[in-house]
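Peer 1: This is the structure, below, for whatever I ask next.
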Amino acid sequence: MSADARRVAVVGDCPLLRNGVAHVVEDAADFTLALTTRSVDEAAAALVPGDIALVDLQLPPACLSDVVGRLTAQGVAVLVFSSGPDRHAVPAMRAGARGCLSRQADERELLAAIRLVADGCSYISADLAVRADPAPSCRVTDRERQILDLVAHGETDHAIAVRLGISEHTVHSHLDRLRDKIGSRRRADLTRFAITHDIIPPASWPG
C-alpha cells in the first residue's frame, strides 16, 4: 500500500457482498480500507473529505438519495451499487453520487470505477447506462460531443478550452446550451447523457 493510497469505505446491508468488496479493496495497492459497516451514521462519523464510499443499501430511492446527499455534503465521493437504473442509479446520480456500479460487475470493473471516481470522474456501468431512462431527444453538435467527451473524462472547463483551442467563455456557452437541451449542467448528468446516447462508449473508459 502506498503512502498516498485513497481511503475507501464499504457501506452495505448484505454481509456477503460487503465483505467481498472489502477484500477486493484491501488487495489493491492504491487503496486502503477505511471501514466496512452497514451503518450510515458510523460511516459518516469516520469518513473525511476526499474519502470514497461504496454504498450498497437496499433502500427506497428517496432514502438512498438522502444517504448520498449526506455523504457528498461531507466531501465524500460516493459510488452506489445498483441492480437497475430506475431503482437506484438515476436518483443516486441526481443526489450527487459520482458513479453507479452494477451488482453484476466483476473485480476489474469495480477497481476501474473506484479509480475513476477517485480521480474526479463519473462512472456508470454499461448495463445501467443502456437501460437508463432516455433523456429528451435533442440534437448535439460535433463541438458539444467533444465537450461531453472531455467532461465525462474529468477535464475542467479550463482544460477543455486548452484542449479544443477555444476560450473558457466559449466552453461555458456550450455547457449552457447543453443544459438547455439536457435539463442539467451537472457533470454527473452530462456524463450519463453522453453514455446513454453512445457519445462515450462504455468500452472506451479506462480500466
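The values are calculated or read from the model by the stated rules, or taken from the named source; none is laboratory data. Bear in mind that the values here come from a model prediction, so they are computed numbers and not experimental data. Note that each Cβ is placed from the backbone with ideal geometry, even for glycine, and that neighbours are counted across all protein chains shown. Remember, those area values only see protein heavy atoms, side chains included, never the ligands or the DNA or RNA. Shrake-Rupley method; radii C 1.70, N 1.55, O 1.52, S 1.80 Å.
Peer 1: Could you list all residues from segment 7-30 that are open to solvent by less than 70 Å² (accessible area, probe 1.4 Å), in contact with a strand residue (DSSP E or B) (Cβ under 8 Å, 6 or more places away or on another chain) and in contact (Cβ under 8 Å) with a residue 24 or more places away in the chain?
Peer 2: Residues satisfying the conditions are Val8, Ala9, Val10, Val11, Gly12, Asp13, Cys14, Leu17, Arg18, Val21, Val25, Asp30.
Peer 1: Report every pair of residues separated by at least 6 positions or lying on different chains whose Cβ atoms are under 7 Å apart, first residue within segment 150-168 and in contact (Cβ under 8 Å) with a residue 24 or more places away in the chain and within 15 Å of Arg185 (Cα to Cα), second open to solvent by 30 Å² or more (accessible area, probe 1.4 Å) and part of a loop (DSSP other than H, G, I, E, B).
Peer 2: Pairs that qualify, where the first residue is in contact (Cβ under 8 Å) with a residue 24 or more places away in the chain and within 15 Å of Arg185 (Cα to Cα) and the partner is open to solvent by 30 Å² or more (accessible area, probe 1.4 Å) and part of a loop (DSSP other than H, G, I, E, B), are Gly154/Asp119; Gly154/Gly120.
Peer 1: What number goes with the only condition from (1) out of contact with any strand residue (DSSP E or B) (no Cβ under 8 Å at 6 or more places or on another chain); (2) part of a strand (DSSP E or B) that Ala45 does not pass?
Peer 2: Of (1) out of contact with any strand residue (DSSP E or B) (no Cβ under 8 Å at 6 or more places or on another chain); (2) part of a strand (DSSP E or B), only one is false for Ala45: (2).
Peer 1: Please enumerate the residues belonging to segment 149-191 that are over 23 Å from Gly69 (Cα atoms) and small (Gly, Ala, Ser).
Peer 2: Residues satisfying the conditions are Ala159, Ala161, Gly165, Ser167, Ser173.
Peer 1: Turning to a different aspect of this structure: Tally the residues that are closer than 24 Å to Ala46 by Cα and surrounded by fewer than 16 Cβ atoms within 10 Å (Cβ to Cβ), restricting the search to segment 75-110.
Peer 2: Qualifying residue count, segment 75-110: 1.
Peer 1: For segment 3-18: of the residues being within 15 Å of Leu79 (Cα to Cα) and among the small types (Gly, Ala, Ser), which is farthest from the chain's Cα centre (by Cα)?
Peer 2: Per the stated criteria, the residue is Gly12.
Peer 1: How many residues does segment 31-43 hold that are crowded, with 18+ Cβ neighbours inside 10 Å and either small (Gly, Ala, Ser) or out of contact with any helix residue (DSSP H, G or I) (no Cβ under 8 Å at 6 or more places or on another chain) (or both)?
Peer 2: 2
Peer 1: Hey, among Val68, Val11, Val21, which residue is part of a strand (DSSP E or B) and of a type in the set (A, V, I, L, M, F, W, C)? Show your work before the answer.
Peer 2: On the way: Val68 fails: part of a strand (DSSP E or B); Val21 fails: part of a strand (DSSP E or B).
None of the others qualify; the one that does is Val11.
Peer 1: Further, regarding this structure: Look at Asp56 and say whether it is closer than 24 Å to Ala5 by Cβ and either at pLDDT 95 or above or touching a Phe, Trp or Tyr at 6+ places or on another chain (Cβ under 6 Å) (or both).
Peer 2: Values: closer than 24 Å to Ala5 by Cβ: yes; either at pLDDT 95 or above or touching a Phe, Trp or Tyr at 6+ places or on another chain (Cβ under 6 Å) (or both): yes.
Against the criterion (closer than 24 Å to Ala5 by Cβ and either at pLDDT 95 or above or touching a Phe, Trp or Tyr at 6+ places or on another chain (Cβ under 6 Å) (or both)), Asp56 qualifies.
Peer 1: Follow-up question, since we're still on this one. Is one or more of the residues making up segment 198-205 of a type in the set (Ser, Thr, Tyr), more than 19 Å from Val80 (Cα to Cα) and modelled with pLDDT of 75 or more? I'd like the intermediate steps shown before the answer.
Peer 2: First, the residues of segment 198-205 that are of a type in the set (Ser, Thr, Tyr): 204.
From the residues that got through so far, the ones that are more than 19 Å from Val80 (Cα to Cα) too are 204.
With the extra rule that they be modelled with pLDDT of 75 or more, the set shrinks to none.
No: zero hits.
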